[in-house]
Amino acid sequence: MIRARRGAALLAALATASLTLSACGGDDGGAAGKELRLWHYESPDSAMGVAWNQAIEEFKSTHPGVKVTFEEKGFEQIQKTAQMVLNSKDAPDVLEYNKGNATTGLLSKQGLLEDLTPEVTKRGWDKMIAPGVQVTAKYDAKGTMGGDKWFGVPNYAEYLQVYYNKDLFEKHGVKIPTTYDELVSAMDAFVGKGVTPFTNAGSEYMAHQFVYQLALDKADRPWVDAYQRYTTKANLTDQAWTAGATTFADWVRKGYVAKNSVGLKAEDAGVAFISGKFPMMFSGSWWFGRVAKNAKFQWETAPWPGAKLTLGSGGNHWVVPKGSKNKQLAYDFIDITMKKKAQNALGNGGGVPVAADASAITDAKAKKLISDFDALAKSDGLAYYPDWPVPGFYDKWVAAGQKLMNGTAPAEVLGGLQKDYDGGAPK
């Protein structure tokens with residue numbers, strides 16, 4: 001998803017901030033006196049934010065006289081304005097952007113992004129990124145992921161997992177689940193004690209990501225490929241989708257998810273979990289660093305109980321706009337984020353690096369985070385995000401999640417999504 005999503009996706013509420021840095025030292029092959037304009041939407045205390053701030057410092061030390069203008073954007077801000085900005089003279093040289101058909105795929109098809117394939121092979125990035133993670137970085141002429149040209153470079157990966165507040169589980173005498181049936185039993189136990197099990201955000205991605213996961217529990221890889229990559233015609237009213245939508249609506253009625261969370265943002269939901277108000281949060285690995293830094297309770301993470309498929313992919317990636325005035329500087333910066341120093345910092349900060357030195361990751365929880373992802377990737381368990389297939393689908397999915405929470409019949413919600421999907425899929 002959007003994060004998806006995602007992504008760092010939870011940073012949509014961040015205000016735009018600008019920071020201009022002056023670089024010093026090193027060699028840029030004659031680029032002295034130029035400027036690198038960089039956008040991303042990671043908070044300074046997130047794993048990616050920490051690693052990329054280090055990368056900026058390294059860029060400064062290797063590119064004398066180059067001014068670096070960094071602008072921190074919100075996830076939703078870039079999601080909604082990228083097409084307009086990248087088609088103007090205000091386009092940055094390099095920015096973090098969401099992966100998928102509806103975002104990077106759409107902009108690549110519109111000719112707004114640079115084809116990075118020559119740089120990827122020249123700098124060996126393709127050797128660092130696992131095949132399953134490459135899927136969301138490469139697009140075909142129709143803008144469908146899994147194509148033959150690189151339009152993004154992910155230096156991290158991401159996936160959804162359940163964050164558990166172990167103190168609340170212990171306080172209420174509830175066992176942390178390892179199967180779906182145990183999850184339902186745990187939720188019933190919490191509701192019986194007057195505790196809402198899951199934090200949630202209906203006005204952003206969290207609600208509809210529940211729906212997708214519950215559908216994935218009834219699905220397989222061909223189902224995912226049909227929906228995400230158009231390998232066959234996707235039926236959004238089939239048994240799996242119906243189970244996902246119906247089960248989520250039932251969860252709201254049973255109090256597993258609070259109905260009054262329908263208007264909340266992802267930031268609200270995440271902060272509520274971190275403050276200790278909920279036993280569980282089902283969301284992305286992009287939250288890991290913030291939970292590790294700010295939670296005052298004992299906690300752990302694990303993939304969705306019993307899942308063979310779950311939401312995840314290569315991370316949001318670096319893209320270079322066609323309108324970039326300093327493409328070589330952009331490539332140099334991306335290259336720094338792919339090196340061991342930044343990769344190891346990302347891993348130790350709670351991210352999922354694509355090319356870290358495993359022995360350099362010292363935190364036990366971070367090691368588990370990475371190993372859980374590696375196991376999912378190895379088993380072909382990454383199913384991407386529900387809003388990816390067609391342009392504008394994110395807003396449709398947000399509305400769908402809210403409708404389900406407010407009592408609209410699942411068949412009606414899914415029927416509407418089918419029309420939007422069919423209308424946006426490549427012809």
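In segment 238-278, the residue that is nearest to T408 (Cα to Cα) out of those that are open to solvent by 40 Å² or more (accessible area, probe 1.4 Å) and of a type in the set (A, V, I, L, M) is L264.
Looking only at residues that are of a type in the set (D, E, K, R) and surrounded by fewer than 20 Cβ atoms within 10 Å (Cβ to Cβ) in segment 296-334, which one is nearest to T104 (Cα to Cα)? So that I can check it myself, show each step before the final result.
Quick first cut of segment 296-334, residues of a type in the set (D, E, K, R) only: 296, 300, 308, 322, 325, 327, 332.
Keeping just the survivors that are surrounded by fewer than 20 Cβ atoms within 10 Å (Cβ to Cβ) gives 296, 300, 308, 322, 325, 327.
Numbers: K296: 38, E300: 33, K308: 27, K322: 13, K325: 20, K327: 18 Å.
So, considering only residues that are of a type in the set (D, E, K, R) and surrounded by fewer than 20 Cβ atoms within 10 Å (Cβ to Cβ), the one nearest to T104 (Cα to Cα) is K322.
The residue of segment 86-121 that is surrounded by the most Cβ atoms within 10 Å (Cβ to Cβ), among those that are over 23 Å from A355 (Cβ atoms) and of a type in the set (A, V, I, L, M), is L107.
For segment 122-175: of the residues being in a loop (DSSP other than H, G, I, E, B) and charged (D, E, K, R), which is surrounded by the fewest Cβ atoms within 10 Å (Cβ to Cβ)? Working first, answer last.
Pass one, segment 122-175, residues in a loop (DSSP other than H, G, I, E, B): 124, 129-130, 140-144, 146-148, 151-152, 154-155, 172-175.
Filter once more, so that each one left must be charged (D, E, K, R): 140, 142, 148, 175.
On the way: D140: 16, K142: 14, D148: 9, K175: 11.
Within segment 122-175, the match that is surrounded by the fewest Cβ atoms within 10 Å (Cβ to Cβ) is D148.
Among the conditions (1) at pLDDT below 95; (2) under 30 Å from K233 (Cα atoms), A399 misses just one, which is (1).
Out of A399, A342, one residue alone is in a helix (DSSP H, G or I) and surrounded by fewer than 23 Cβ atoms within 10 Å (Cβ to Cβ). It is A399.
Return the only residue of A234, A201 being touching a Phe, Trp or Tyr at 6+ places or on another chain (Cβ under 7 Å) and not in a helix (DSSP H, G or I). Only one candidate qualifies: A234.
Residue-by-condition table, conditions (1) assigned to a helix (DSSP H, G or I); (2) assigned by TED's automatic domain parsing to the domain that holds K149; (3) aliphatic (A, V, I, L, M):
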{"site": "D268", "(1), (2), (3)": "yes, no, no"}
{"site": "A272", "(1), (2), (3)": "yes, no, yes"}
{"site": "G289", "(1), (2), (3)": "yes, no, no"}
{"site": "T301", "(1), (2), (3)": "no, no, no"}
{"site": "P305", "(1), (2), (3)": "no, no, no"}
{"site": "S324", "(1), (2), (3)": "no, yes, no"}
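Pick from segment 189-200 the residues that are touching a residue at least 40 places away in the same chain (Cβ under 8 Å) and not hydroxyl-bearing (S, T, Y): which of them is farthest from A295 (Cα to Cα)? Checking each candidate, the answer is V191.
The values are calculated or read from the model by the stated rules, or taken from the named source; none is laboratory data. Values in this document were obtained by computation on a predicted structure and should not be read as measured data. All Cβ positions, even for glycine, are placed from backbone atoms using ideal geometry, and neighbour counts span all protein chains on display. Just so you know, the surface numbers come from the protein's heavy atoms only, side chains and all, with ligands and any DNA or RNA stripped out. Shrake-Rupley method; radii C 1.70, N 1.55, O 1.52, S 1.80 Å.
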